[in-house]
1. Explain nothing, just the number: relative contact order of the chain, from Cα pairs under 8 Å at least 6 residues apart, as a whole percent.
2. Per residue, how much accessible surface does the chain expose to a 1.4 Å probe? Answer in Å², no decimals.
3. Express as a percent, rounded to the nearest 5, the fraction of DSSP beta bridges in the chain (both residues included) that run antiparallel.
4. For a paramagnetic label modelled at 7 Å from the Cα of E89 toward its Cβ, which residues of the stretch 50-83 fall within the zone defined by backbone nitrogen distances under 19 Å?
5. Collect residues whose amide H, placed 1.01 Å from N in the peptide plane, falls under 5 Å from the amide H of V47; neighbours closer than 5 in sequence don't count.
6. So for the stretch 1-44, Kirkwood radius off the Cα pairs, Stokes-Einstein at 20 °C and 1.002 mPa s: how many µm² s⁻¹?
7. Using only the heavy atoms of the protein chains and a 1.4 Å probe, how would Y17, Y57 rank by accessible area, largest first?
8. How large, in percent, is the carbon and sulfur part of the accessible surface of the chain at a probe radius of 1.4 Å?
Amino acid sequence: MSTVLIGDMVKQFLEKYGKNELFLEKQAVASWTKIVGPLIARYTHKVASKNGVLTVYVKNSTLRFELMGMRSEIIQKLNQEVGKEVIKEIILK
């Protein structure tokens, strides 16, 4: 009898049914606070992702401007966190 890890089974299931990208996008959303830090995360809300586009609502216009300049760096870090390029764009509102 061979040993199969549940995590491997879940990955196979997600890949088989084409849901792996969706799962990784949700992981990227969950990693938002870790990537930007708790101070910035406190001034953002409604972080969501759909079709590779991460939408973030920012409570402060000055912070929104600062984040706009950091978009490519944040995208790179989020994708590195999940291990695959799933986030292609960030929209700050």
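The values are calculated or read from the model by the stated rules, or taken from the named source; none is laboratory data. Since we're looking at a predicted model, the values are computed, not measured. All Cβ positions, glycine included, derive from the backbone under ideal geometry; neighbour counts span all protein chains shown. We work out accessible area using only protein heavy atoms, side chains counted, and drop any ligands, DNA or RNA first. Shrake-Rupley method; radii C 1.70, N 1.55, O 1.52, S 1.80 Å.
1. Computed value for the chain: 29 percent relative contact order.
2. Numbers: 6610 Å² over 93 residues.
Accessible area per residue, the chain: 71 Å².
3. Numbers: 5 of 9 bridges.
So the antiparallel bridges amount to about 55 percent of the total.
4. The answer is 50-58, 65, 67-79.
5. Y57
6. Details: Rh = 12.5 Å.
The diffusion coefficient I find is 171 µm²/s.
7. On the way: Y17 130, Y57 75 Å².
Correct descending sequence by accessible area is Y17, Y57.
8. Numbers: 3700 of 6610 Å².
Of all accessible area on the chain, carbon and sulfur atoms account for 56 percent.
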